[in-house]
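Asks: Following this message is one structure expressed as C-alpha cells.
The values are calculated or read from the model by the stated rules, or taken from the named source; none is laboratory data. These numbers were taken from a predicted model, which means no experiment stands behind them. Note that we place each Cβ from the backbone using ideal geometry, even for glycine, and neighbour counts take in every protein chain shown.
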Amino acid sequence: MYSTRTLGRTAGVLGAAGALVLVATPALADNHTATVSVLHAVPDTPVDVYANGERLIDDFQPGTLTDPLQLPAGSYDLAVFPADAADASGEPLLSAMDVAVPAGANATVVAHLTEAGEPALTPFVNDTSAVPAGQARVTVRHTAAAPAVDVRAGGQVVIDGLTNPNEETLTVPAGTVTADVVVAGTDTVAIGPADLTLVEGTTTVVYAWGSADAGYELAVQAIAGQQSAPAGVPGGTAGLADDSGLPLPVGAAALAGVALAAAGAVRLARSSR
C-alpha cells in the first residue's frame, strides 16, 4: 500500500545552535505572517508559557495540540515554566532568547522528551507541497523517551529504525490504515494499533510521545491544502490527541504559539533539580 517514499529520514531539530530559522512555505503564508502549531508532549508536566515576560498560556496540558496559528513575523524572548509559576523570574524549564519567526514559515513545534528523558523543544517544518491525486501524505515523528522504533501499517514495517527526534514521510493511497509502533527489529508493540484516516490531498502527521513510566501515546495532526481539487479538512488534532483547544484571544494565541517555537533556537535551559 505504501507506494512512494518521498522524504528520507530527517533530523527534527532545526539548528541546534544559532537562531531559529523555519523553512518558508509561500503557498500558505503571506508576506507578514507565519503558521505555527504547538504540541505539548512532555508527560505529567503542565506548563505555563511566557513570551517577552508575559504569561500567555496558563496550565498547558500534556497531549494538547493547538490549532494552526497565524503569527506576526518577528523576534521573541520565550520561556516555559512549570504550571502556575508565580511569575517569570525563576529558572524556566526551557527558554530561548531572540527567537526569529520569519514570514512564510509553516511548522509544528513540539515540547517533548529526548530519548534519554530530558525535556526539549523541537520545531518540525511541515511539508505543504502538492500531493498527487488519489494520494495522501503521512509523516511520522519520534518525540518519545524511547530508543529506535519501527512503524507498521497492516502488520508490515513501512518505516524502520526511526530515532528521536527524527521524522520520515511517505506518500500513500488515501484511505484508512491500521498502524502501530513497535520496538525496532521486534514485534513488541509500544503504541497502538490505531486506525488512521488518510484523506486525499492532506498531510497526516503522527507523533509518538511519552515515556516508559508515563506510557506511550500517539497524537495526530491533519494539515490540509495540498490536494489537487478544493476540499476542506480541519487542522489540529484528529482522534488520538486532546482536541479541546486553548481559549486564548487572537493576539495572545499568536504569541503563545511562538512561545513554544523556540526549539533549536539560541538557548535551551533546564530547571535546576
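Asks: One residue is enough: does region 139-148 have a residue meeting the conditions surrounded by fewer than 16 Cβ atoms within 10 Å (Cβ to Cβ) and touching a strand residue (DSSP E or B) at 6+ places or on another chain (Cβ under 6 Å)? Walk me through how you get there before you give the answer.
Replies: Within region 139-148, the subset surrounded by fewer than 16 Cβ atoms within 10 Å (Cβ to Cβ) is 147-148.
If we keep only those that are touching a strand residue (DSSP E or B) at 6+ places or on another chain (Cβ under 6 Å) as well, we get 148.
Yes.
Asks: Then there's this: Inside region 88-119, can you point out the residues that are of a type in the set (Ser, Thr, Tyr) and under 17 Å from Ala208 (Cα atoms)?
Replies: Thr108, Thr114
Asks: Of all residues in region 79-130 being at pLDDT 85 or above and of a type in the set (Val, Ile, Thr), which is farthest from the chain's Cα centre (by Cα)?
Replies: Once the filter is applied, the top-ranked residue is Val80.
Asks: Please identify the pairs in which a residue from region 90-103 that is farther than 16 Å from Glu118 by Cβ has its Cβ atom under 7 Å from the Cβ atom of a residue that is part of a loop (DSSP other than H, G, I, E, B) and modelled with pLDDT of 80 or more, counting only partners at least 6 apart or on another chain.
Replies: Close Cβ pairs (under 7 Å, with a partner that is part of a loop (DSSP other than H, G, I, E, B) and modelled with pLDDT of 80 or more) amount to Val101/Ala73; Pro102/Ala73; Ala103/His32; Ala103/Ala73.
Asks: Across region 191-224, which residue is nearest to the chain's Cα centre (by Cα) among those that are of a type in the set (Phe, Trp, Tyr) and surrounded by 22 or more Cβ atoms within 10 Å (Cβ to Cβ)? Break it down stepwise before answering.
Replies: Quick first cut of region 191-224, residues of a type in the set (Phe, Trp, Tyr) only: 207, 209, 216.
From the residues that got through so far, the ones that are surrounded by 22 or more Cβ atoms within 10 Å (Cβ to Cβ) too are 207, 209.
Details: Tyr207: 7, Trp209: 10 Å.
It comes out as Tyr207.
Asks: A further question on this structure: Please tell me if Ala85 is assigned to a loop (DSSP other than H, G, I, E, B) and either buried (at least 22 other Cβ atoms within 10 Å of the Cβ) or not acidic (Asp, Glu) (or both).
Replies: yes
Asks: Somewhere in region 38-52, is a residue on the phi > 0 side of the Ramachandran plot, at pLDDT 85 or above and not in a strand (DSSP E or B)?
Replies: yes
Per-residue answers, yes or no, for (1) more than 19 Å from Gln156 (Cα to Cα); (2) part of a loop (DSSP other than H, G, I, E, B); (3) at pLDDT 95 or above; (4) acidic (Asp, Glu):
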residue: Thr186; (1), (2), (3), (4): no, yes, yes, no
residue: Ala208; (1), (2), (3), (4): no, no, yes, no
residue: Asp213; (1), (2), (3), (4): yes, yes, yes, yes
residue: Gln226; (1), (2), (3), (4): yes, yes, no, no
residue: Ala231; (1), (2), (3), (4): yes, yes, no, no
residue: Pro234; (1), (2), (3), (4): yes, yes, no, no
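Asks: Residues of region 56-70 being surrounded by 15 or more Cβ atoms within 10 Å (Cβ to Cβ) and either in a loop (DSSP other than H, G, I, E, B) or modelled with pLDDT under 80 (or both), which ones?
Replies: Those that are surrounded by 15 or more Cβ atoms within 10 Å (Cβ to Cβ) and either in a loop (DSSP other than H, G, I, E, B) or modelled with pLDDT under 80 (or both): Leu56, Ile57, Pro62, Gly63, Thr66, Asp67, Pro68, Leu69.
Asks: Given Arg55, Arg137, Arg141, which one is basic (Lys, Arg) and without any contact (Cβ under 8 Å) to a residue 60 or more places away in the chain?
Replies: Criteria check complete, one pass: Arg55.
Asks: Another question, then. Taking the options Thr188, Thr171, Thr163, name whichever one is more than 27 Å from Pro123 (Cβ to Cβ) and surrounded by fewer than 19 Cβ atoms within 10 Å (Cβ to Cβ).
Replies: Working: Thr171 fails: more than 27 Å from Pro123 (Cβ to Cβ); Thr163 fails: more than 27 Å from Pro123 (Cβ to Cβ).
Just a single option satisfies the conditions, and that option is Thr188.
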